[in-house]
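Undergrad: What follows is a structure written as structure tokens; I'll ask about it next.
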Amino acid sequence: MYNKLHKNLIGVLCFIIPFLLYFITKSDSLALADAAEFALVAKIGSIAHAPGFPSYIIFGWIWLKLLSLISSNVILNLILFSIVSTSVASVLFYNTLRLIFINLSFKKVNDLQTEIVSAITSISF
């Protein structure tokens with residue numbers, strides 16, 4: 001039967017699969033657009049251009065301070081921050097979709113179908 005362990009394992013997969021895909025295809029250098037600006041303001045804890053993306057900057061700054069004990073490569077550490085952020089967003093999206101299907105469906109949906117659809121949708125995000 002389907003139990004909480006299966007749901008947790010699917011949640012872990014919703015983290016690991018995007019993490020691995022992002023990590024394997026990452027670049028070790030800055031890309032176009034605002035990447036250099038975000039790297040600089042996250043490193044110094046400053047403000048980017050409006051609207052400033054304050055949560056990325058604050059959490060990126062904290063992330064850099066924590067990882068500075070392990071590695072001094074600011075760009076690689078921020079790339080890892082983006083990878084982890086995307087993977088966490090995938091897990092949150094999975095849980096949100098699962099709750100929507102369980103609570104708002106008009107007809108009874110099978111637990112396994114709910115998990116599969118939620119997982120595939122969040123991973124493809």
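Undergrad: So if I average 1/r over every pair of distinct C-alpha atoms in the chain and take the inverse, what Kirkwood radius in Å does that give?
TA: About 16.3 Å, per the Kirkwood formula over Cα pairs.
Undergrad: So, for the chain, what is the accessible surface per residue at a probe of 1.4 Å, expressed in square angstrom?
TA: Working: 8490 Å² over 125 residues.
About 68 Å² of surface per residue is accessible.
Undergrad: Can you give the helix-only mean residue ellipticity at 222 nm for the chain, where every DSSP H stretch with n ≥ 4 adds -39500 (n - 2.57) and the sum goes over all residues, rounded to the nearest 500 deg cm²/dmol? Don't jump to the answer; show the numbers that get you there.
TA: Values: 5 runs with 90 residues, N = 125.
Here the helix-only value at 222 nm equals -24500 deg cm²/dmol.
The values are calculated or read from the model by the stated rules, or taken from the named source; none is laboratory data. These numbers come from a predicted model, not from an experiment. Please note that ligands, DNA and RNA were not included when accessible areas were found on the heavy atoms of the full protein model with its side chains. Shrake-Rupley method; radii C 1.70, N 1.55, O 1.52, S 1.80 Å.
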